Each structure stands twice: as structure tokens, then as C-alpha cells.
1. Over the Cα atoms of the range 486-568, what Rg and Dmax result, in angstrom?
2. Apply the Karplus parameterisation 6.51 cos²θ - 1.76 cosθ + 1.60, with θ equal to phi minus 60°, to every residue of the range 599-605 and state each ³J(HN,Hα) to the nearest whole Hz, in sequence, with x for glycine and proline.
3. State the percent of C-alpha pairs, over all pairs in the range 269-309, separated by a distance greater than 17 angstrom.
4. Excluding residue 778 itself, calculate the net charge of residues whose Cβ lies under 15 Å from the Cβ of residue 778, where each Lys or Arg counts +1 and each Asp or Glu counts -1.
5. When averaged across all projection directions, what area in nm² does the alpha-carbon convex hull of the range 670-802 cover?
6. What area, in nm² and to one decimal, does the C-alpha convex hull of the range 774-858 cast on average over all directions?
7. Give me the 1.4 Å probe accessible area per residue for the range 1-101, excluding ligands and nucleic acids, in Å².
8. How do the peptides 842-850, 594-602 rank, highest first, by the average count of neighbouring beta carbon atoms within 10 Å per residue?
Amino acid sequence: MSWIDRFSETIMAHSRAVIAIMLVLTVFMGAGAGMIEQSSSLDQFQSDSTEAQKLSYVEENFTTGQENTTSAQVIVKGENVLSQESMVEQLRLQQSFRENETINRTLVDEQPTVGAANLVALASLSGGQQAAQENGTNQQQATQENDSNQQQAAQEAPASPTLQDQIDALESMNATEYERALGAVLSEDSDGQMSGLAFMPTNYETGSTSANATMLLVTHQSEGDGGQGGTASDALVDAQLAMQSIANDNVEASGSEVIVFGGGIMGEEINNSMVDSLAIVGPLALLFVVVALIVAYRDVLDILLGLFGIAAVLVWTFGFMGWAGIDFNQMFIAVPVLLIGLSIDYAIHIFMRHREQRQHGGAYGNDDARGSMRVALAGVGIALVLVTATTAIGFLSNLTSPVPPIQDFGVVSAVGITVALLVFGTLVPALKAELDEFLENRGYDRKKRAFGTGGGRFSQALSVGSTAARRIPIVIILIAALVSAGGAYGATQVDTSFNQEDFIAEDPPEWTKNLPEPFKPGDYSMKENLEFVNQNFVREDSQAQILIEGNVTDPETLQRVSDAENETADSDVAVTLSSGEADVQSPLRTMQRVAAENESFNATFTAADTDGDGVPDRNLEQVYDELFEVAPDEAAAVIHRTDDGEGSTVDDSSTGGDYEAVRMVISTSGTAAMSDVTTEMRSIADGIDGSGLEATATGQTILFDIVQKQLMDTVIQSLLITLVAVFAFLMVSYRIREGSATLGAVTLLPVVFSVSWILGTMYLLEIPFNVMTGMITSLTVGLGVAYSIHMSERYSLELKRTGSVWEAMSRTVTGTGGALLGSAATTVGGFGVLAFAILPPLQQFGIITGLTIIYAFLASVLVLPSLLVVWTKYLGPDVSFQAPSSDSTAPAASDGGRIEKSETEPARSSDSDDL
């Protein structure tokens, strides 16, 4: 007796004990589900690259103003946002923000809100000079640097008139006075210290008195990353949501439109899209599976047992996530759907094989409920173990990915499929045997016909593959190879994508708005708003940084920085402000600005510039010392000085310390391709390298581009590892069990075909590799090989029983093919409902995975039969190729491959000319 026979005997002999043990373990594992935490941060996708390490160094050793702050950009759109009436409305909006308790408790103490309207009002109050200069001195840094410096300017500005004073000043101005004040702030000839161009769109025509958009900057106190990468504190989320609500009520009533763009509100939309996606796809997946099971099972008890098994698998899997400390992120929305489809696949194969055994009147003995289940488990058990092993290999191949969430997804999915084998190999069969036995003892007939074995339309459709294998097997194989060659070409053209927009939901379709609560999704506008901000303004989080380490006091250092600034000005990816300047922050620009304001530093700066080109070329250490003395905060933002040469923390004091690094901060266009930004910034960094300096281009955009490239590496590596591992596993397995390693290669070949088909389809549908679809190659192998294994296993068993190729093929295609059709339908439906998800990557993943299952099924029932026939002729056992008799009624092999000794094995017939 084989191990699978002993296993099935044990399960059926101790079914009640098995049920009790499994239920206790389910409760224990389920307890971990409550420990799962949710994470939507994009930072979790970053690996430990050199660029990531350098960005951490920058964040630890350079300052950008007041610590633990974050900003939100409030975009006001209208016919003319520079009109006097609109400017007053913008000041009143700021006043409403400050008066709201939810918002106010998150705001910084000094200058929490600022915009062009503030500068115009201050210009009026001071005659266009002193007060505006004081308030604008630090704000102007933004026109030369970036939005983070706007935040610093707002925090460091000296005391200024209250918002009510500013409102009164604007309202009291006549048309001439207003135009004069507006010109002082926005004209081409205005004093740079009081320019409001930093708050205007990048395409704003300097000096114009009309514009269709302007920006307010709101500075919040924050904890952690303040919403960068998609996470934010609850207080910040509430504040920014309240800002949007107030803006809708106050400003939009006057005909304007307001966009609140910040980490809090963006993180909220990302989190809501995860919840709404689950609320929609979860019930839809369950509904589809129930409908499919009704068609396949046509029995209420079997349907309920299948659903119970699915629930147990999900409880185990999510419990494992909790116990293992794995956070639930955007990718894991696919896990319930994935496990529902795979679990029901197990259920269908076990239940259909059980029904076949009972349907044929116990031709192999034991036609009662318990005996039939024992035989069914023995018959299908080996195939399920092989399927689980190969599918787990496909999932675990993602451990080679440098992207942490993909690694976690692979582990959780592998655990889930293993749990599915455990639940549907022990708990569900034991429950079914007990319930069927209980009902039959009370007079209920529990014998049901297996799906696809009744000779109806399904059987006829499934027999196409076996018919083609008998008549034109070589033609079928050649057609499959040609289509695969076309798919392989398309695979080389598939793009890769990883950016913030991938995780931001589009506005849901109209039909979803008619759904009842709690299934009705919310409103999503961030994607549209993000596109507008990218095209018209400098985003506070769209920056690249160049970290320069080494001998930064070398006389050539600032000249190299100057050359890098000039190169940046010519770059297509760097932002050019409406003032005409590239948005760059650097040690040289900081020195030039401070020198224009401070006579003492100007003297030091000029003395160090021997050739008069505006770039110090000697005594740099003295220049740095003087800069830290007169403007410590500005210096610490671009120069890293250790504390007396010890440690690596920021030193804002004016004495002591060694200079280890300087940096450049470059605002990049939100519409520029990440690969272009990376290429440009690395080119600029390469120009700085040398003379004891090491320059590294880093920043979120560059890190995202690295992740994008790592996704392609994941696709290639996981595919190769999965193919090699599964190939070796099947070869060894079939060599040990069937005596032919080549049968393992034949079993895998249709899966290789389906991989090329799905990659070609991605190219045709213009679906890129992203964090979800990047796993599709390993999933195709892992999921697709299940169908081939079931077919090869059944064919091998039937070939031993009948000794006839055509009889074995007919029983395989109509028997196992029927179960495959049922499992494919439920799996495709389960994944297909992801197309209704709110998140775009999930939609694409659902469509592609559904097509993957379809291709794998078609390859197994249309192409694999021809491959098996050719294999049998040239490499297989010596069997008959004679056509089966029309009255053949031999039962299906559901006995686990036990061969009747009384049957003789026919000799190989020479009648194989059909090949």
C-alpha cells in the first residue's frame, strides 16, 4: 500500500478526530488575523539600494527648516484668480483654515498659511516695501529652490499683520492701488525679495494681471514622514479633509474651484481605494464562485462545504500574516481572490473524483460515501500534492525579488496554497464523508453525476482536444509553437511601470454609485488633481537630490556645483519657474543670496572669488564657516558639518566641525518620465565626480525608477527560477513514479506556451509590468502547471488501466477535463472580478490572471493531448493505438492507479498511422 493510500485510509478511519483537530487549529491560526496592520506607504517597495542609503543620509544630516513639518498645496482655480475679489476670498479661506479647530491644531505656529494674496496685502500695508520685504525675504527662497523652502520661508518669516488686517487692506484698495501692489509682487521688474512668482503656475506670464490658477501653501506639524509615500497621521488626514470641505463651501460658492493636494488627503484616498476595492470584489468573487459551483455541483451541501473550506483557508492565511507580522498592503487585496480560486479548484477535483467513483457503482470497490472518498483521495491526492508543490515554487520564486512586498506576497500566497491542500485534503473530505453517511443512513441519495461526464454538450466540447490529438497532433503542436513565437516577441515589448499614480484610484464608474452601503465606493479626485499639479506647479515632493561627499572644501568644489547648475538649467526634466529660473537649491545659490543680504558675508564671499565669476575658488572652509555664522539654518540645508568632527548629526552652531558633504536639490517636472529624470540627474552627478568628490543622484523619483527596473528583474528571475525548479521537480517526480522523466518535460511544455501567450496579450492590451502584473510569469507557471499535471496524471493512470491511447485520452479529457473546466471557470471568475476594483494595478492583475487561467486550460485540453500522444508513440509505454470500441464502458480510473492484475496489457499496435 502506497503512502497516499495509507493517508486516505487514516483520514477516513479517523474523520471525526481530523475534524476536531483541524477546527481547533483553525481557531488558533485565526487569532492572528486581528494583529494585521495596514500599510499603503510606497516606501515599503524600496530596496536597500545605494541611492536609498544616500537619501537616508541626506534626511539625517541636512535640515530644511523647522523639523517635523509637512506642507499641503492648496490650488485655487478660476477665470481670474488674481482679481481683487478673488485675492480677498483666498485670504478669507486662509482665515477659515486657521479658525477651524481640526485644522488649526495641526498648523505650525508661525505663518501656517501663505500665498500671493498675502504678499499683495503686505505690499499695500507697507507701501510696497518694508513689510512685504520682511515677509517675502525667506518666501522668495522658494522661487529659487523648491516648495520645501516655501515651507521654511513660511515658518521663519518675522511677525506680520494679521490675516484680518490683510483682508481689510485689500478691500480698502482702489483699482489703481491694487494693480500697483500686484505689480510689485508679480511683475518682471519687482524686487526679488517680494516676488510671489513661487505661488504661480510654471506657465504664468510674468507681470500679467490675470491667471487661471494660483497656490496657497499650508504648513502642518507632522509625525513621521508626514504623508510622504502615501502614509499620514490621522490628525493630518482629518485636517486636510476639513480643508477640502471648507474650500468647497467657501470658495467654490464664488465660482472658483479648489484642490487640496497633500500627503494626508492622498494617503486617505489610497487607503479608501483598498477598502472599497475589497468591498466590491470580495462579494462579487464569492457570488461568481457560488453561481459556478451551482452549475458544477448542483448540490447545496457540496456548495456549502466548498464555501466553508474557502473560509477556513482565508482564516488560516490571514492568521499567518498576523502571527508573522506581515502588513496588509495594496497587493494583498488580490490574496483573498487568489485563494478563493485555488481553493475551489481543489474542492472541484476532489468532489468530482468522488462522484466518478460512486457514479460507476464502486467498480473498484467501496461505493459507500466513506469508501468512495478514500478512493477519490488516493486517486487525486498525488496530483494535488504535485500541484501544490509546483504552485508554491511559483509563488516562492518571488523571494528573489529585491522588492519587499513582492517577497511577502510570494510567502503568503505559498502558505495559502499549502493551507488549501491541508484543508481540502483533510478537513473537507472528512466533513463530506460524515455528512453524506449521516444523510444516506436516513434515506437520502447522495450519489451525483460528475461534471462533464454525462455525454452532453460539455463532453463534446472537451473531446475536441482528444480528437485533434488523434488526427493532427503535429499540426496542433506547430500551431501552438508559432503562436508562442509571436507571444515571445510581444513579451520583449512590454513596458514596466512603478509610480505614485499607479496606486491612486480613478473616479469609479457610474454604476458603482448605485450600489447600496457599505459597497458603494467614495469619490476619488486625486488622480485628476495630481495630473493638474504636475502640469502646472512645482510639487513639494517632486525633487531629485545630488549628494556630494568627500573633500568638499577643495577649491574646485563650488565650480563643479556651478557647472552642474548650468547643466540643470538646460535639462528638460528640471522645473523652470515663471521667473525663468531653474528651481535649484545649492550651496552656491545659498551663498549668493546671503551675500546679497549680508555685507559681512559678502566681503568673505567676494574675497574668495579670485576671478570675479561669482564662484568662490579659494578658502572654501572659511566661506563655509562664515555662512554658518551669519545664516546657520540656510547653511545647514545645503552643507553637512559634523560636530567638532565627531558624529554625523546636523550642527547648527557657528563654530567647530568638519565639512563632509554638500547637496543640490533640484525640482523635477511631475510629467517627466522617471527614467529620464534618473538619466539626467546621474549625468549631472557624473560631471561633479572627481578631485576627491563623489556625487550620487538620489530622491524619491530616482528610487521609484530603481524599483521599476527591479520589477523587470523580478519578472525575468522569477520566471527562470520557476521554470527550472518546476522542470526539475516534475522530471524527478515522474522518473521516480512513472519511470519516465520526459513525461515531466511534456507536462510543463503547455505552460511554457501559455507564458508566451499571456505576455503577448499584455503587449497587445498595453498592460505594463507593475507591482502586481510583474508576478504574472511565475504565477502563470505556478497556476498553469496545475491543469497540465491533472491531465498527465489522469492520462497515465488510464493508460495503465486500459492499455489504449485513445481510450485513456477520451476518459482523461472528458473526466478530468470536466473538472478542469469547472475549476477554470470559478478561478477565472474569481480573478475576473478584480477588473471591478478601484485600484488600476488590481484591475490589470485581474484581467491578466483571468486570461492566464484561460490560456492554461486551453493549453491543457487542446495542446497537451497531442503532446501526450506524440510522447506515448516515441518515448512512452508499449500500448495500443487502435481505435476504442464504440460500446466501451470501462469505468474511469479513480482508484489511485491500482491496476487489476487480471487485465493484460495489449501490445503496441502498428496502427498508429494517424500520427
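1. In order Rg, Dmax, the Cα atoms of the range 486-568 give 22.8, 69 Å.
2. 5, 4, 5, 4, 5, 5, 4
3. Values: 342 of 820 pairs.
The calculated P(r) of the range 269-309 puts 42 percent of pairs beyond 17 Å.
4. On the way: positive: none; negative: 408, 713.
Charge balance in the 15 Å sphere: -2.
5. Result: a mean projected hull area of 12.1 nm².
6. Details: hull surface 21.6 nm².
Taking the Cα atoms of the range 774-858, their convex hull projects to 5.4 nm² on average.
7. Values: 5020 Å² over 101 residues.
Heavy-atom accessible area per residue stands at 50 Å².
8. Details: 842-850: 24.0, 594-602: 15.8.
Result, highest mean first: 842-850, 594-602.
The values are calculated or read from the model by the stated rules, or taken from the named source; none is laboratory data. Just so it is clear, the model here is predicted, and its values are computed rather than measured. No Cβ is skipped: glycine too gets one built from the backbone with ideal geometry, and neighbour counts run over all protein chains shown. Calculation scope for accessible area: heavy atoms of the full protein, side chains included, ligands and nucleic acids excluded. Shrake-Rupley method; radii C 1.70, N 1.55, O 1.52, S 1.80 Å.
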